[in-house]
Amino acid sequence: MTTTPATVPTDVATPEPGTPGARRVLLAAPRGYCAGVDRAVVTVEKALELYGPPVYVRKEIVHNKHVVRTLERRGAIFVEETDEVPEGARVIFSAHGVSPAVHEEARQRSLRTIDATCPLVTKVHREAVRFAADDYTILLIGHEGHEEVEGTAGEAPENTILVESPEHVDAVEVPDPERVVWLSQTTLSVDETMETVRRLRERFPALQDPPSDDICYATQNRQVAVKQMARECDLVIVVGSQNSSNSKRLVEVAVEHGARDGHLVDYAEEIDEAWLEGVRTVGVTSGASVPELLVRGVLERLAAHGYEDVQPVTAAEESILFALPTELRRDLKTAGHDVKKLRHDPGALR
């Protein structure tokens, strides 16, 4: 299961000759759900179907307002911490991952856990454990307070130093400059992360890289698509929630790479008509936790304002699909479900 980069065009499509000022939309691909989000959302949907409500979920299963509200209506109860879950109840851990301390607390409360952590986040957790065991200092690039960062740092708190941006590098102090490795949150800006790594390496020449990319394939692909179209866009609209790190990064990437303006919206109704004044080309994409129906709503709203010409900008083809969590897969098999065929129904979150 791989992601295949498409041939990168030297130019995105342009309006046909003879139509000066024609309005158009450049629609980024890939966009929306990644494999980890797909797996997490299906996990909650199938848990509700199999066990019946309520099913508790620690933190938001993914960072998208619409997804969370829809699952709440179906009987999912979102809590901040495990001590809010009744003893012995069933709880799902979100796609962003949790620390060993959270697993231990759940065990002490006899909670029946389903771990929906994205496998790519789990990979970073394992890297942290491995390097800490070898007495490395882990320079974790990420945003303070983000669930993913808290989970990864929790694997090796005594060995981990958070580095939030290139500007924070000068303040970093390590016990042994010869035993230093960097890891990162999976949803960051690729460019900013690499700049942070460059500065870290200037200070610590022995800095080791992770065994493989920590920034996930979906984050990278969505950023590449936005980069390809940004210089052709007067405005880029990213569909996503304010607490979605990867969605916010897409807005930043768009503006950094040539878009005149960029905005993040949860719903089409949030588009301000003033944004469209003097705009010929609108770029549209969505974060990795956004269902496609929200993008369709944005396209319909834009079409109503004359942006009916929609041209795709494809950066990669994605075919990755992760298996459901072991605990849920086992119970589904027992109930007679063919788990190999399970994946999210694009229309299920209406």
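The values are calculated or read from the model by the stated rules, or taken from the named source; none is laboratory data. Computed from a predicted model, the values in this text were never measured in an experiment. Positions of Cβ are generated from backbone atoms using ideal geometry, with glycine treated the same way; all protein chains shown enter the neighbour counts.
Within the stretch 154-164, is even one residue part of a helix (DSSP H, G or I), buried (at least 16 other Cβ atoms within 10 Å of the Cβ) and under 26 Å from the mean Cα position of the chain (by Cα)? Before you say what the answer is, go through the steps one by one.
So in the stretch 154-164, the residues part of a helix (DSSP H, G or I) come out as none.
The answer is no; no qualifying residue exists.
Set side by side, the residues Val251, Val282, Val310 differ, and just one is of a type in the set (A, V, I, L, M) and either assigned by the TED database to the domain that holds Glu144 or free of Cβ contacts under 8 Å to residues at least 60 places away in the same chain (or both), which is Val251. Against the criterion of being in contact with a His (Cβ under 7 Å, 6 or more places away or on another chain), modelled with pLDDT of 95 or more and under 25 Å from Val67 (Cβ atoms), Leu294 qualifies. Of the residues making up the stretch 69-80, those that are surrounded by fewer than 20 Cβ atoms within 10 Å (Cβ to Cβ) and either modelled with pLDDT under 95 or under 12 Å from Val57 (Cβ atoms) (or both) are Glu72, Arg74, Gly75, Ile77, Phe78, Val79, Glu80. Scoring Leu200 on the criteria (1) in contact (Cβ under 8 Å) with a residue 60 or more places away in the chain; (2) assigned to a helix (DSSP H, G or I); (3) closer than 28 Å to Thr70 by Cβ leaves a single failure, condition (3). Pairing each residue of the stretch 232-243 that is in the same structural domain as His257 (by the TED database) with any residue that is polar (S, T, N, Q) and in a loop (DSSP other than H, G, I, E, B), provided the two are 6+ apart or on different chains, yields C-beta distances under 6 Å for Ser241/Asn64.
Return a yes/no flag: does the stretch 130-139 have any residue that is within 16 Å of the chain's Cα centre (by Cα) and of a type in the set (Asp, Glu).
no
Kindly indicate whether any position in the stretch 69-82 is part of a loop (DSSP other than H, G, I, E, B) and more than 29 Å from Val265 (Cα to Cα). Checking the stretch 69-82: not a single residue is part of a loop (DSSP other than H, G, I, E, B) and more than 29 Å from Val265 (Cα to Cα).
Name the one entry in Ser110, Ser99, Ser94 that is in contact with an Asp or Glu (Cβ under 7 Å, 6 or more places away or on another chain) and at positive phi. Break it down stepwise before answering.
On the way: Ser99 fails: at positive phi; Ser94 fails: at positive phi.
Sole residue among the options that is in contact with an Asp or Glu (Cβ under 7 Å, 6 or more places away or on another chain) and at positive phi: Ser110.
Run down Thr152, Thr160, Thr219 and say which single residue is polar (S, T, N, Q) and either at pLDDT below 95 or in contact with a Phe, Trp or Tyr (Cβ under 9 Å, 6 or more places away or on another chain) (or both). Result: Thr219 is the single residue among Thr152, Thr160, Thr219 that is polar (S, T, N, Q) and either at pLDDT below 95 or in contact with a Phe, Trp or Tyr (Cβ under 9 Å, 6 or more places away or on another chain) (or both). Scanning the stretch 245-278 for residues that are under 18 Å from His305 (Cβ atoms) and not hydrophobic (A, V, I, L, M, F, W, C) gives Arg260, Asp261, Gly262, His263, Tyr267, Glu269, Glu270, Asp272, Glu273, Glu277, Gly278.
Would you confirm whether any residue within the stretch 15-24 is closer than 30 Å to Ala225 by Cβ, within 22 Å of the chain's Cα centre (by Cα) and in contact (Cβ under 8 Å) with a residue 40 or more places away in the chain? Walk me through how you get there before you give the answer.
Taking the stretch 15-24 as the starting set, the residues that turn out to be closer than 30 Å to Ala225 by Cβ are 15-24.
Checking which are within 22 Å of the chain's Cα centre (by Cα) leaves us with none.
The answer is no; no qualifying residue exists.
Condition check: in a loop (DSSP other than H, G, I, E, B) and in contact with a Phe, Trp or Tyr (Cβ under 7 Å, 6 or more places away or on another chain). Does Thr117 satisfy that? Judged against the criteria, Thr117 is a match.
The residues of the stretch 198-215 that are among the acidic types (Asp, Glu) and within 19 Å of Lys123 (Cα to Cα), listed by number, are Asp209, Asp213, Asp214.
Any residue at all in the stretch 203-210 that is part of a helix (DSSP H, G or I) and in contact (Cβ under 8 Å) with a residue 40 or more places away in the chain?
Taking the stretch 203-210 and keeping what is part of a helix (DSSP H, G or I), we get 203.
Remaining after also requiring in contact (Cβ under 8 Å) with a residue 40 or more places away in the chain: none.
No.
Pick out the one residue from Ala95, Ala101 that is in a helix (DSSP H, G or I) and either modelled with pLDDT of 95 or more or surrounded by 22 or more Cβ atoms within 10 Å (Cβ to Cβ) (or both).
Working: Ala95 fails: in a helix (DSSP H, G or I).
Just a single option satisfies the conditions, and that option is Ala101.
So which residues in the stretch 180-197 are closer than 14 Å to Lys123 by Cα and among the aliphatic types (A, V, I, L, M), if there are any at all? Within the stretch 180-197, just Leu183 meets the criteria.
When the stretch 33-74 is filtered for residues that are under 23 Å from Leu293 (Cα atoms) and among the hydroxyl-bearing types (Ser, Thr, Tyr), the ones remaining, listed by number, are Tyr33, Thr43, Thr70.
Of all residues in the stretch 49-68 being closer than 29 Å to Ala268 by Cα and among the aliphatic types (A, V, I, L, M), which is surrounded by the fewest Cβ atoms within 10 Å (Cβ to Cβ)? In this case the residue turns out to be Val68.
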